[in-house]
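The values are calculated or read from the model by the stated rules, or taken from the named source; none is laboratory data. Just so we're clear, the structure is a prediction, and the values are computed from it rather than from any experiment. Counting neighbours? That spans all protein chains shown, and the Cβs are built from the backbone with ideal geometry, glycine included. Surface areas here come from the heavy atoms of the whole protein model, side chains and all, with no ligands, DNA or RNA. Shrake-Rupley method; radii C 1.70, N 1.55, O 1.52, S 1.80 Å.
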Amino acid sequence: MIKIFVHPHRIAIGELGHFRTKEELICWLAAYKDKLPSASEIIKPKFYLFLNFDDVRSEQEAINFGLTPFDELMAELAAETLLEALRAGCQKFIFSCDAGVSRSAGMAEGFGLFLQKLGKPFQMVSSRQTSPNLLVKEKLFESLKKLYFGVAT
């Protein structure tokens, strides 16, 4: 069964430290703003992606406030990383952000929807109550479908 973890960076880095055996494949997607925790440079699994974006609910909100949204390019890069990890047999996926509540939860939920569509069983574990960013969730889900199926379905 695929396990999806949603954590703040500090907990994610601790989890990654536990999965250091060579046999175990793990994928880590981290959303950050301004600066990624320095420990992230040391603990990188085979499959990882660090994305720099703000927790905004719409592209218009980002434009209004001069913030960086989770855009189509980021969604495509995230989808490529996740699909590559899935094809390699990865069973553990960690999604993290500063608080482990919104951006990471949005990515995790988008990935979970995609796994549901594929009929793959998964378990989602979060260290906190989440409030997924819906823009992130929808964009990632659409990119996963487009890359996997060839068209958004």
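Figures for the structure shown
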read-out	value
Given charges at Cβ of Lys, Arg, Asp, Glu: the chain dipole, positive-most of F114, C90, A31	C90
Within segment 75-153: Cβ-based charge dipole about Cα centre, in debye rounded to nearest 20 (Lys, Arg +1; Asp, Glu -1)	200 debye
Simple label model, 7 Å out from Cα along Cβ direction - N52 to N64, nm	2.5 nm
Charge tally in the Cβ shell below 11 Å around I2, where Lys, Arg are +1 and Asp, Glu are -1, I2 excluded	+3
Portion, in percent, of the accessible area of the chain that falls on carbon or sulfur, probe 1.4 Å	51 percent
Percent RCO, i.e. relative contact order, over segment 47-153, from Cα pairs under 8 Å lying at least 6 residues apart	31 percent
Radius 13 Å from Cβ of M124, net charge of other residues (Lys, Arg +1; Asp, Glu -1)	+4
Accessible area of segment 1-95 divided out per residue, in Å², using a probe of 1.4 angstrom	52 Å²
The chain - mean residue ellipticity at 222 nm from DSSP helices (-39,500 (n - 2.57) per run, n ≥ 4, rounded to 500)	-13500 deg cm²/dmol
Radius of gyration and Dmax over the Cα atoms of segment 37-152, both given in Å	14.0, 42
Cross-link pairs beyond the 19 Å C-alpha cut-off, checked among K35/K146; K3/K46; K44/K139; K33/K117	K35/K146; K44/K139; K33/K117
Order by protection proxy (mean Cβ within 10 Å, highest first), peptides 81-94, 113-126	81-94, 113-126
